[in-house]
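Input: a single structure, listed below in structure tokens.
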Amino acid sequence: MSWRKNKVELYNSLTKRVDLFEPVDKNKPVRIYSCGPTVYERVHVGNLASFIYADTLRRVLRAYKYSVEHVMNITDIDDKTIRASQQKYPDLEPMEALKKLTREYEELFMNDIKAVGIDTDSITFMRATDNIPLMQDLIRELVEAGFAYITEDGVYFSIQKYEESGRKYGQLVPVSVESTSVSRIDNDEYDKDDAHDFVLWKKQKPGEPAWEFQLRGQDLRGRPGWHIECSAMSTHALGQPFDIHTGGVDLKFPHHENEIAQSTALNGELLANFFFHNEHMHVDEKKMSKSLNNFYTLEDVSDNGFDPLAFRLFVLEGKYSSQRDFTWENLQHSANRLMRWRQVAGRWRRVQTTDWPQASQIHAGESDIISRLGDDLNTPEALERVDSEFTQVETMEVQEEAAERWVDLLHTLNILFGLNISERDELIESLLKTREHARETQDWQAADDIRKQLDDKGIGINDTPDGPVWYRK
């Protein structure tokens, strides 16, 4: 069956249903804000899954001919980053220690997301510490409008004042009168069922980094709370309302709920038209988390001999809205699947004589694949359709005309999934040509030496009737 959806549909956490996606402003790019990492240690693979889904969503929107503007924050100031910087660099000044620690882990984060195929060139990254004045301006406006108040230890947002103004607190999760407390909480992250007035700004404590802040004649030297960071940066970069806010399901409350309150208190508009939340990754049927010490990092994946892009495929094999158990056995299945695709792609890659062509001719399966992705980002079904395409061509005779269509599809698959299925490597292909020449002249030692050289680089070779085909192991 061949079918094609003309529009993207997504589950919207705001409306609690699958909605037809339409841009807030058709004269602007689709604007996406993704909650990024808190850079106090290396992110685990469950965190990476969230960024992979957001990256894939952007790719799919572009396949539907939308231009996209994508912003992601880097949280480099909060309770965790301060605590970790003090522990790791006790002899440095607080601000210097914070910067040194967060830059280290920011670099590791960037390396990790690039390794799993995330197109970082398509994302604008915003550090919290680079945007403190934006947060202070928003806090000042909230205080002047009566939605926030100053205390002995900082500035807090009043849920009561927010609700009295006619706004609803609890748009993403149910919040009852019984669960709403008049007490304050200055913890940046709190895993509680109760809703409290939450901190917008914290006065400096001994040994903490701080920024100057004067408000209503008071000296509030200190630093921002976690929630205000995303409200200030997202609306500054993308306007309000923007199109899509992404993040893990654990961010619904309190983080995203508090973002909505801060951002809509002054004007009553939506913060974002869609909230796109991905489910947790599990280990042994428990949520993968650092607090449970049941997590793996991308370094663990690589140390166990897996291509980081095999992990990306593992993530996409599960629906973003469903929980999935991480096991090494499941990852091995994903690695085998990716290797098979690359082997088939490599056989057809040999017919290319020029640079990689643009996808100008649509292969029969391409429309179905894109449609399944447009159906609430149904990556598992889309990948099954990819499988059927590879099965179809696996035993076909390589012909120039068929190869051109197949090469176009491979190019599209690389754009859609970020799996580098049909990667080209001039050095590897040059070594293969040298090896072919050695085999033709019966210089078997030279041919074996090149095979071993490639094997040491993790490159396998299949000698086919059409010539040698290489693939990453």
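The values are calculated or read from the model by the stated rules, or taken from the named source; none is laboratory data. Model, not experiment: these values are computed from the prediction. When we count neighbours, we look across all protein chains shown, and the Cβ atoms used for this are built from the backbone with ideal geometry, even at glycine.
Pairs needed: first member in the range 71-99, basic (K, R); second member anywhere, assigned to a helix (DSSP H, G or I); C-beta distance under 8 Å; at least 6 residues apart or different chains.
What qualifies is K88/A97; K88/L101; K99/T129.
Have a look at R42, R62, R31, R58 and point out the one that is in a strand (DSSP E or B), at negative phi, within 23 Å of the chain's Cα centre (by Cα) and basic (K, R).
Details: R42 fails: in a strand (DSSP E or B); R62 fails: in a strand (DSSP E or B); R58 fails: in a strand (DSSP E or B).
Every option except R31 fails the conditions.
Determine which single condition E229 fails, assuming it passes every other condition in (1) buried (at least 24 other Cβ atoms within 10 Å of the Cβ); (2) within 20 Å of N47 (Cα to Cα); (3) touching a strand residue (DSSP E or B) at 6+ places or on another chain (Cβ under 6 Å).
Looking at each condition in turn, E229 falls short on (3).
So, N294, is that one assigned to a loop (DSSP other than H, G, I, E, B), of a type outside the set (G, A, S) and either at pLDDT 95 or above or within 27 Å of F276 (Cβ to Cβ) (or both) or not? First the steps, then the outcome.
Working: assigned to a loop (DSSP other than H, G, I, E, B): yes; of a type outside the set (G, A, S): yes; either at pLDDT 95 or above or within 27 Å of F276 (Cβ to Cβ) (or both): yes.
When the stated conditions are applied, N294 passes them.
Tell me, yes or no, whether the range 416-438 has at least one residue that is at pLDDT 85 or above and charged (D, E, K, R).
Yes, the range 416-438 contains at least one residue that is at pLDDT 85 or above and charged (D, E, K, R).
How many residues does the range 229-271 contain that are without any contact (Cβ under 8 Å) to a residue 60 or more places away in the chain and either more than 21 Å from P23 (Cβ to Cβ) or acidic (D, E) (or both)?
Residues flagged as without any contact (Cβ under 8 Å) to a residue 60 or more places away in the chain and either more than 21 Å from P23 (Cβ to Cβ) or acidic (D, E) (or both) within the range 229-271 amount to 4.
How about the range 142-157: which of its residues are touching a residue at least 40 places away in the same chain (Cβ under 8 Å), part of a loop (DSSP other than H, G, I, E, B) and touching a helix residue (DSSP H, G or I) at 6+ places or on another chain (Cβ under 7 Å)?
Hit for the range 142-157 is F147, nothing else.
Would you mind stating whether R83 is in a helix (DSSP H, G or I) and in contact with a strand residue (DSSP E or B) (Cβ under 7 Å, 6 or more places away or on another chain)?
Spelling it out, it is not the case that R83 is in a helix (DSSP H, G or I) and in contact with a strand residue (DSSP E or B) (Cβ under 7 Å, 6 or more places away or on another chain).
Yes/no per residue for (1) of a type outside the set (D, E); (2) closer than 26 Å to F314 by Cα:
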| site | (1), (2) |
| --- | --- |
| L98 | yes, no |
| L101 | yes, no |
| Y105 | yes, yes |
| D112 | no, yes |
| G117 | yes, yes |
| S122 | yes, yes |
| P133 | yes, no |
| L138 | yes, no |
